[in-house]
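Beneath this line is the structure, given in structure tokens, with notes to follow.
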Amino acid sequence: MTDRPKALITGAGTGVGAATALMLTQRGYDVLINYRRSADEANAVAEQCRQAGGQVLLVQGDVVEDADCRRLVQSALDAWGRLDALVNNAGVTVFKPGQWDGLEADDFHRVYAVNTIGTFQMVRAAREALKAARGAIVNVSSIAGALGIGSSAAYIAAKGAVNSLTLHMARELAPEVRVNAVCPGLITTRWFVDGLGQEAFEKIRANYESTRPLATACSAEDVADAIVWLVTGARTTTGELVLLDSGTHL
């Protein structure tokens, strides 16, 4: 066991979670990389983190299952005896913008189960360890929850709930634990490409970048950079919903 601080990142096999795991490792953290299905990708991220000098735990689990959430946290505590940071990055959506008749109750149930309930269950499982470490939580939300725009009404509602939970958790876990959320706009990861298709994604990206004040979409590294700042710095920041939207809200 090293004396480096320890972080647990859910959904860390790809995209923002993977970038966050590597960036935290480069900043001196050991990391627990959680994944649900992306085993090959998660193994590749773990190897990158090891090459960067970090100790890595690779743990499969689904944040929808409370038992898995508790197992993830316990895996970190069994290996390291502490947990300093939790990044709730695991998320899903359904790409049905504006389709009142296209959404089913099952869409809402699944999206809420991962994005909202999974976030709550992870924080509940980790809260005592994070209090002991005077640690930090970052919830990966979306401008969907802040501005009411996004891939579907189910996703908008689920991320709005994550934002509300972030404020509640910041109050409940103070003064020991800081709790913040990042709210990205369009991110140039495969998550959007897989959901929309390459052609549709490129059209949306072109429109996004031509109409936003900063004229750019987020990369996974852009989002990870903000997450890492909220984990490693931001000493007096809690209960913030940090918009990473290239000025969309303006």
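Looking only at residues of segment 28-53 that are of a type outside the set (Val, Ile, Thr), open to solvent by less than 50 Å² (accessible area, probe 1.4 Å) and in contact with a Leu (Cβ under 7 Å, 6 or more places away or on another chain), we find that the one that is farthest from residue 122 (Cα to Cα) is 52.
Residue-wise test of (1) within 20 Å of residue 235 (Cβ to Cβ); (2) in contact (Cβ under 8 Å) with a residue 60 or more places away in the chain.
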residue	(1), (2)
116	no, no
120	no, no
128	no, no
139	yes, no
144	no, no
156	no, no
163	no, yes
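Of all residues in segment 62-93, those satisfying the criterion of being under 15 Å from the mean Cα position of the chain (by Cα) and either β-branched (Val, Ile, Thr) or under 15 Å from residue 36 (Cβ atoms) (or both) are 62, 63, 64, 69, 87, 88, 89, 90, 91, 92, 93. Note on segment 160-197: among residues that are closer than 25 Å to residue 113 by Cβ, of a type in the set (Val, Ile, Thr) and open to solvent by 10 Å² or more (accessible area, probe 1.4 Å), the one that is farthest from the chain's Cα centre (by Cα) is 193. Candidates are the residues of segment 87-106 that are over 13 Å from residue 151 (Cα atoms) and without any contact (Cβ under 8 Å) to a residue 12 or more places away in the chain; the one that is surrounded by the most Cβ atoms within 10 Å (Cβ to Cβ) is 104.
Tell me whether segment 179-199 contains one or more residues that are more than 20 Å from residue 16 (Cα to Cα) and in a loop (DSSP other than H, G, I, E, B).
From segment 179-199, those more than 20 Å from residue 16 (Cα to Cα) are 199; that's our starting set.
Keeping just the survivors that are in a loop (DSSP other than H, G, I, E, B) gives none.
So far as segment 179-199 goes, no, none of its residues is more than 20 Å from residue 16 (Cα to Cα) and in a loop (DSSP other than H, G, I, E, B).
Among the listed residues 110, 82, 70, 127, which satisfies the condition of being over 20 Å from residue 187 (Cβ atoms), among the basic types (Lys, Arg), modelled with pLDDT of 95 or more and buried (at least 18 other Cβ atoms within 10 Å of the Cβ)?
So the residue among 110, 82, 70, 127 that is over 20 Å from residue 187 (Cβ atoms), among the basic types (Lys, Arg), modelled with pLDDT of 95 or more and buried (at least 18 other Cβ atoms within 10 Å of the Cβ) is 127.
Screening residue 82 against (1) farther than 18 Å from residue 129 by Cα; (2) in contact with a Pro (Cβ under 9 Å, 6 or more places away or on another chain) leaves a single unmet condition, (1). For segment 198-208, the tally of residues that are modelled with pLDDT of 80 or more, exposed (fewer than 15 other Cβ atoms within 10 Å of the Cβ) and not polar (S, T, N, Q) stands at 4.
Being of a type in the set (A, V, I, L, M, F, W, C), surrounded by 22 or more Cβ atoms within 10 Å (Cβ to Cβ) and more than 28 Å from residue 103 (Cβ to Cβ) is the requirement here; does residue 136 meet it? Here the answer is yes, as residue 136 does meet what is asked.
On inspection, residue 20 does not qualify as of a type outside the set (Asp, Glu), closer than 19 Å to residue 191 by Cα and open to solvent by 10 Å² or more (accessible area, probe 1.4 Å).
Here is a list: 58, 165. Which entry is under 23 Å from residue 24 (Cα atoms), aliphatic (A, V, I, L, M) and in contact with a Phe, Trp or Tyr (Cβ under 9 Å, 6 or more places away or on another chain)?
On the way: 165 fails: under 23 Å from residue 24 (Cα atoms).
Unique residue meeting the criteria: 58.
Across segment 209-234, the number of residues qualifying as open to solvent by 40 Å² or more (accessible area, probe 1.4 Å) and touching a residue at least 40 places away in the same chain (Cβ under 8 Å) comes to 3. Of everything listed in (1) at pLDDT 95 or above; (2) touching a Gly at 6+ places or on another chain (Cβ under 9 Å); (3) more than 16 Å from residue 191 (Cβ to Cβ), the single unmet condition for residue 41 is (3). In segment 134-159, the qualifying residues are those that are under 18 Å from residue 223 (Cα atoms) and not in a helix (DSSP H, G or I), and the one that is nearest to the chain's Cα centre (by Cα) is 140.
The values are calculated or read from the model by the stated rules, or taken from the named source; none is laboratory data. Note that the structure is predicted; figures quoted are calculated from it, not measured. Please note: Cβ atoms are built from the backbone with ideal geometry, for glycine as well, and neighbour counts cover all protein chains shown. Surface areas here come from the heavy atoms of the whole protein model, side chains and all, with no ligands, DNA or RNA. Shrake-Rupley method; radii C 1.70, N 1.55, O 1.52, S 1.80 Å.
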